[in-house]
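Here the structure comes first, spelled out in C-alpha cells, and everything after it is commentary.
The values are calculated or read from the model by the stated rules, or taken from the named source; none is laboratory data. A quick note: this is a predicted structure, and the numbers were derived from the prediction, not measured. Quick reminder, even Gly has a Cβ in these numbers, built from the backbone with ideal geometry, and neighbours come from all protein chains shown. Heavy atoms of the whole protein, side chains included, go into the accessibility calculation; ligands, DNA and RNA do not. Shrake-Rupley method; radii C 1.70, N 1.55, O 1.52, S 1.80 Å.
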Amino acid sequence: MKPFAPRRLALLAAVALVGLAPTVTALADTVLIRGATVFTMGSQGTLENADLLVTDNTINRIGSNLSAPNGALVVAAEGRPVTPGLFAGISGIGIGEVPAVSQSMDATNAMPGLYPEFDVTLAYNPNSSLVPVARVEGHTFTLLSANSGGSIIAGQGRVVALDGGYDSFHGNGVLQVSLGRGASELTGGSRAAQWLLLDQAIEETVRPPAQGEDALLTRAGRQVLQGYATGSTVVFSVNRADDILRTIRFAQARKMRAVIEGGAEAWMVAGELAAAGVPVLLDPLRNLPGNFDMIGARMDNAALLHAAGVTLSFNDGASHNARKLRQMAGNAASYGLPKEAALAALTIEPARIFGVARNFGSLEEGKRADLVLWSGDPLEVTSLPDLVIVNGKVDSLESRQTKLRDRYLVTDSEMPRAYQKP
Amino acid sequence: MAAIERFLAGLLLAGTAVAAGAEPFPSTYEPLPSQPTLITNAIVLTGTGERLDGASVFMNGGVVEWVGEGEAPEDSVIVDAAGRWVTPGLIDVHSHLGVYPSPGVDAHSDGNELTNPVTANVWAEHSIWPQDPGFARALAGGVTSLQVLPGSANLMGGRGVTLKNVYSTSYQGMKFPGAPHGLKMACGENPKRFYGSKGRAPSTRMGNVAGYRTEWIEARKYVEDWAVYEEKQASGDEDAKPPKRDLKLDTLAGALKGEILVHMHCYRADEMLTILDMAEEFDYRVGTFHHGVEAYKIADELAEAGVCGALWADWWGFKMEAYDGIQENIALVDRPEGGCAIVHSDSSEGIQRLNQEAAKAMARGQRAGLDIPPERAITWVTANAAKSLGILERTGTLEPGKMADVVLWNGTPFSVYAKADLVFIDGARVYDREDPALQPVSDFELGQHLEVTP
C-alpha cells in the first residue's frame with residue numbers, strides 16, 4: 001500500500017528532530033494565591049480559605065496566612081476552587097493536527113503486522129495548536145497514545161506535559177492494545193483469534209523463533225513486548241463484559257499491569273476489576289448500545305465502578321476537544337459518582353495509573369506546580385479557568401482560538417480583519 | 001368537494017409537490033392522553049426572551065392555556081415546582097437518529113444515499129428506524145421535537161423530516177403534523193472528497209457550486225413548466241399536458257417556492273457567502289446554515305439575510321474547514337440585531353445534552369463580555385430552532401395556544417447537574433424521571449442482557 005514509504009520517512013525525520021532540538025525552559029513565576037478552596041487531591045485533602053505559594057516551578061507551600069515574597073503575583077481567590085492541572089485523557093494531542101488531513105496525522109501505524117516497538121512520542125510536536133487549546137482549559141498532561149491501525153497492538157505512548165517542551169515526557173512507555181469488536185484483518189475477523197495472536201507474540205518474547213521460522217514480531221518488537229510482559233502498563237481498549245474478564249485473566253497470567261479503556265460494560269464485572277486492581281478509563285456519557293460490544297452501556301457506569309472499589313479515570317479520545325473531559329466528569333457526578341471521586345478521576349487517579357504521580361495529579365509541597373484556579377465548581381460546565389499555572393509559570397490563557405475570538409469580537413473594523421492581530 | 005379539500009390541505013400540509021395530490025406518507029401522529037396540568041412556583045423561561053419567577057404554567061387539551069398567573073379547574077394535576085425551572089421542550093434541528101441509529105451497524109447505515117451527488121429525490125423519513133434507542137435518551141434530555149436529516153456527502157442530499165419525539169411503530173406516527181420538509185444541502189469538503197475520490201464531479205469547491213447551479217436551472221424550468229401548464233388548465237385548455245413528474249425536481253421546486261426549507265451544511269464563512277449569492281441568483285431562501293464553524297466571521301451578514309446558524313458549542317478541528325472553530329461562535333452569531341443562533345447536535349450523545357451545550361456557549365459568551373442571560377440562551381434550543389424548522393407558530397415557546405411541549409427541570413437547565421424531571425409533549429406526560437413506567441424502552445433494548453433467575 002502506498003502510504004507506507006512516506007510514513008517511514010516521517011518517522012526517521014522525527015527521530016532526528018528530537019535529537020537536535022533545544023529544550024524549552026519555562027521561566028518560573030512566583031505566585032501567591034490567597035483564600036482559595038484548595039482541592040489538593042493529596043495528603044492535605046480539601047482546604048478552605050487556604051493560601052498556596054508557587055516558586056521555582058514548584059508548590060512551595062500550602063497553608064494559611066502565607067506572606068508574599070518580593071515580586072510575587074498575588075491573586076485573591078475569594079473562595080474560588082484551585083485544583084491540580086487536569087488530565088487530558090488518552091489523546092493524540094501534538095501527534096495529529098487535523099484528522100481529515102492524513103499528512104498531519106501520526107498516531108496510527110497502518111503497517112500490517114505487530115509492531116509493539118512503534119512509538120508515537122517520536123512524532124510529538126509541542127507547537128501543535130492543540131497544545132494551548134487544551135492547556136487554557138486547565139489540562140496540563142495527557143497520555144499520548146498510538147491508535148490501532150494495522151493490528152491489535154497499536155504501539156507505545158507516554159505521558160507528556162502540555163508545557164510546550166520538546167522533551168516533556170514523563171513516566172514509562174505505555175502499550176496500547178485494541179480488542180473486541182472490529183477485530184483487525186490480522187485476526188481473521190474473530191475476536192477469539194486475538195488471544196491466539198497475543199499468546200503467540202508473548203511466546204516469541206520467551207522463545208525467539210529460529211531463523212526461517214514464521215515470526216509475528218521483529219527483534220525490536222520482542223524486546224519491547226518482553227518489557228510489557230514483565231510488569232509495565234498496557235492499555236486494553238475493550239468494552240464487552242466477557243472481553244474485559246478475559247483481559248483481566250490474560251494480564252494476570254502474563255504479569256502485565258492492565259488498564260481498561262472504554263469499559264462500556266465494565267460495571268457488569270466491577271467486582272472482578274476491583275479484585276484484580278485493574279483501573280478503568282471510561283467515557284461516562286456512553287449510555288447507548290452504539291454497537292454489540294456495549295449493549296449494557298449506562299449513565300451510572302462510573303458510579304457503580306467506584307462503589308465497587310475500581311480505580312477510575314475518563315477518556316473519550318477527543319484530542320481536539322479534550323476539554324470535554326471535565327463535562328464528562330461532571331455528568332458522572334450528576335449520575336452518582338461522588339464529586340471528589342470525579343475530580344480525582346481527572347487528576348490524581350490517571351497520574352497514578354500511568355506512574356507519574358510524583359509530578360502530576362495533586363497539589364503537594366515540593367511538587368511540580370501545575371494548577372488551575374476556577375471561576376466556580378470545577379465540574380460545572382459554566383465554570384471556566386481564571387488562572388492556569390503550568391510548571392510554575394502563569395499561562396497566558398491564549399490559544400489560536402482565543403486569538404480568532406478577539407479578532408472577530410471587535411465590531412468596528414475599517415481595514416480587513418487580517419490587520420487585527422490580538 | 002371533499003377530495004378537493006383534501007388536495008388543498010395536502011398541498012398546504014406537505015408544502016411540497018407541484019404535482020402531488022394528497023400528502024404522501026402523511027402524519028398519523030396523535031397526541032398521547034393528557035390531563036389538565038398545572039405547574040406552580042416555577043422559574044419559567046418562556047422561550048420568548050422572558051423569565052418569570054414563581055410563575056405557573058397551565059396545560060389543557062394539549063396546548064398551553066396560560067403562563068404566569070391564572071385559573072385552573074379543580075381536577076387539574078398539580079405539580080409543585082418550587083426551586084425548579086420550566087422551559088419549552090427542546091428542539092434539535094440536526095439529528096440523524098433513526099437514519100444512523102444505535103447500534104451503528106452497516107445494516108442500519110441509511111443516512112447518505114452515496115450513489116449520486118444530487119439525491120434531492122430521497123426522503124430521510126424513508127430511512128428512519130423508529131426503534132432507535134436514541135429517541136428515548138433524547139427524551140430524557142428534554143427533546144420534544146427534532147429534525148432528522150440525510151447526511152452531508154451529497155450536494156443535495158434529500159428531504160429532512162421533523163418529528164415529535166414519541167415512540168411509534170412507524171415514522172408516520174412520529175411525524176410533526178403540518179411541519180414543512182427540509183432540503184439538506186452540503187458545502188465544502190464532504191461532497192468533493194467523496195465524489196472526487198471516485199474520480200467524478202464534484203472534486204473541488206468550484207465543482208460543488210457548478211453542481212448546485214446546474215440543478216437550480218433545471219428546477220426553475222420545472223417550476224415554470226408547471227406554471228404554464230396550470231395557467232393553460234385554468235383557462236380551460238383541455239389539451240394541456242402536465243410536465244412529467246420528477247421526484248428530485250419536486251423537492252427542488254418546493255425549495256425554490258419556499259415550501260421546503262433549505263438546511264445548508266456549510267463550515268467556512270466564504271462558502272456561506274457564496275451560497276447566499278447563489279440563493280439570490282435563483283431567488284430562493286437559505287433557512288439555516290448547519291455546523292457553520294466560521295459563522296462568527298459573518299454574524300452581521302447572517303443576521304441581515306435572516307439566516308439562522310445551527311452550531312456546536314465547541315467541536316472543531318476534525319477537518320480543515322473546522323479548523324477555525326471557537327467557543328464563542330454561538331454567542332457571536334447571537335450578538336447582532338436579528339441574529340438567529342441555534343445549538344444543534346448532529347450526535348446521539350449531543351442531543352441528550354443540548355442544555356449543557358447551550359450552557360457552555362452562554363458561559364463563553366459571558367466571559368467575552370456579552371450579556372447573555374438564561375432567558376436569552378434558552379432560545380438557542382427552543383424558539384430559534386422552531387423558527388428554523390418552520391414550526392414556531394406551533395411550538396418552541398410557552399405561549400397560550402401553542403402545543404404544550406414542556407420540560408420541568410430539577411434546577412437551572414444551564415448546568416451539568418440539570419436533569420429533566422418531567423417532559424410533556426402536546427400536554428401528555430411522556431417522561432418522568434422518578435417513574436420507570438413513564439420511561440420508554442425501544443423494542444431493540446427490550447430483553448437484552450436478561451439475567452438467569454435461579
For this session: Please identify the pairs in which a residue from the stretch B:428-454 that is closer than 25 Å to B:PRO31 by Cβ and more than 14 Å from every other protein chain (Cβ to nearest Cβ) has its Cβ atom under 9 Å from the Cβ atom of a residue that is of a type in the set (Gly, Ala, Ser) and open to solvent by 50 Å² or more (accessible area, probe 1.4 Å), counting only partners at least 6 apart or on another chain.
Result: B:ALA428/B:SER34; B:ARG429/B:SER34
Problem set entry | B:GLY339 vs. criteria away from chain A (no Cβ under 11 Å) and over 24 Å from B:ARG205 (Cβ atoms) | yes
For this session: Considering each residue of the stretch A:378-415, count those that are of a type in the set (Val, Ile, Thr), over 29 Å from B:SER415 (Cβ atoms) and more than 14 Å from chain B (Cβ to nearest Cβ), and give that number.
Result: 1
For this session: Check B:GLY325 against each of (1) at negative phi; (2) of a type outside the set (A, V, I, L, M, F, W, C); (3) surrounded by fewer than 24 Cβ atoms within 10 Å (Cβ to Cβ) and name the one condition it does not meet.
Result: (3)
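Condition check ((1) among the basic types (Lys, Arg); (2) in contact with a Leu (Cβ under 9 Å, 6 or more places away or on another chain); (3) modelled with pLDDT under 95) across all residues:
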site	(1), (2), (3)
B:HIS181	no, yes, no
B:GLY196	no, no, no
B:ARG205	yes, no, no
B:GLY211	no, yes, no
B:ALA219	no, yes, no
B:VAL223	no, yes, no
Exercise. Are any residues in the stretch A:76-114 within 12 Å of chain B (Cβ to nearest Cβ), buried (at least 24 other Cβ atoms within 10 Å of the Cβ) and part of a strand (DSSP E or B), and if so, which ones?
Worked result: A:GLY96
Exercise. When you scan the stretch A:115-128, how many residues do you find that are free of Cβ contacts under 8 Å to residues at least 60 places away in the same chain, within 17 Å of the chain's Cα centre (by Cα) and open to solvent by 20 Å² or more (accessible area, probe 1.4 Å)?
Worked result: 2
Exercise. Hey, any hits in the stretch A:322-331 for a residue that's under 30 Å from A:ALA100 (Cα atoms), at the interface with another protein chain (Cβ under 10 Å from one of its Cβ atoms), in contact with a Pro (Cβ under 7 Å, 6 or more places away or on another chain) and surrounded by fewer than 22 Cβ atoms within 10 Å (Cβ to Cβ)?
Worked result: no
For this session: Select from the stretch A:344-377 the residues that are open to solvent by 10 Å² or more (accessible area, probe 1.4 Å) and within 14 Å of another protein chain (Cβ to nearest Cβ) and write down the one among them that is nearest to A:VAL390 (Cα to Cα).
Result: A:SER375
For this session: Taking only the stretch A:272-287 into account, find how many residues are in a loop (DSSP other than H, G, I, E, B), more than 18 Å from the chain's Cα centre (by Cα) and over 17 Å from A:GLY330 (Cα atoms).
Result: 1
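Return yes or no: is B:ARG213 open to solvent by 60 Å² or more (accessible area, probe 1.4 Å), closer than 26 Å to B:GLY309 by Cα and touching a Gly at 6+ places or on another chain (Cβ under 8 Å)?
It is false that B:ARG213 is open to solvent by 60 Å² or more (accessible area, probe 1.4 Å), closer than 26 Å to B:GLY309 by Cα and touching a Gly at 6+ places or on another chain (Cβ under 8 Å).
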Problem set entry | In the stretch A:129-159, the residues that are surrounded by fewer than 24 Cβ atoms within 10 Å (Cβ to Cβ) and of a type in the set (S, T, N, Q) | A:SER129, A:ASN147, A:SER148
Seminar exercise, completed: Among residues of the stretch A:393-422 being among the acidic types (Asp, Glu) and without any contact (Cβ under 8 Å) to a residue 24 or more places away in the chain, the residue farthest from A:ALA369 (Cα to Cα) is A:GLU414
Seminar exercise, completed: For B:THR40, the lone unmet condition from (1) outside the structural domain of B:VAL209 (by TED's automatic domain parsing); (2) outside any loop (DSSP other than H, G, I, E, B); (3) crowded, with 18+ Cβ neighbours inside 10 Å is (3)
Exercise. Which residue pairs have Cβ atoms under 7 Å apart, sit 6 or more places apart or on different chains, and have a first residue in the stretch B:409-423 that is more than 16 Å from A:ASP377 (Cβ to Cβ) and a second that is open to solvent by less than 10 Å² (accessible area, probe 1.4 Å) and in a loop (DSSP other than H, G, I, E, B)?
Worked result: B:ALA420/B:GLY141; B:ALA420/B:GLY142; B:VAL423/B:GLY89; B:VAL423/B:GLY142
Problem set entry | Total residues in the stretch B:401-430, condition hydroxyl-bearing (Ser, Thr, Tyr) and within 20 Å of B:ILE391 (Cβ to Cβ) | 0
Exercise. Among (1) open to solvent by less than 10 Å² (accessible area, probe 1.4 Å); (2) outside any strand (DSSP E or B), where does B:ALA179 come up short?
Worked result: (1)
For this session: Kindly list the number of the only condition in (1) surrounded by fewer than 24 Cβ atoms within 10 Å (Cβ to Cβ); (2) touching a residue at least 12 places away in the same chain (Cβ under 8 Å) that fails for A:LEU225.
Result: (1)
Seminar exercise, completed: Of the listed residues (A:GLY336, A:GLY290, A:GLY296), the one being facing another protein chain (nearest Cβ under 10 Å), assigned to a loop (DSSP other than H, G, I, E, B), surrounded by fewer than 24 Cβ atoms within 10 Å (Cβ to Cβ) and touching a helix residue (DSSP H, G or I) at 6+ places or on another chain (Cβ under 7 Å) is A:GLY296
Exercise. Of B:GLY98, B:GLY10, which residue is at pLDDT 95 or above and either aliphatic (A, V, I, L, M) or under 25 Å from the mean Cα position of the chain (by Cα) (or both)?
Worked result: B:GLY98
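Does A:ALA253 satisfy the condition of being assigned to a loop (DSSP other than H, G, I, E, B), away from every other protein chain (no Cβ under 14 Å) and free of Cβ contacts under 8 Å to residues at least 24 places away in the same chain?
It is false that A:ALA253 is assigned to a loop (DSSP other than H, G, I, E, B), away from every other protein chain (no Cβ under 14 Å) and free of Cβ contacts under 8 Å to residues at least 24 places away in the same chain.
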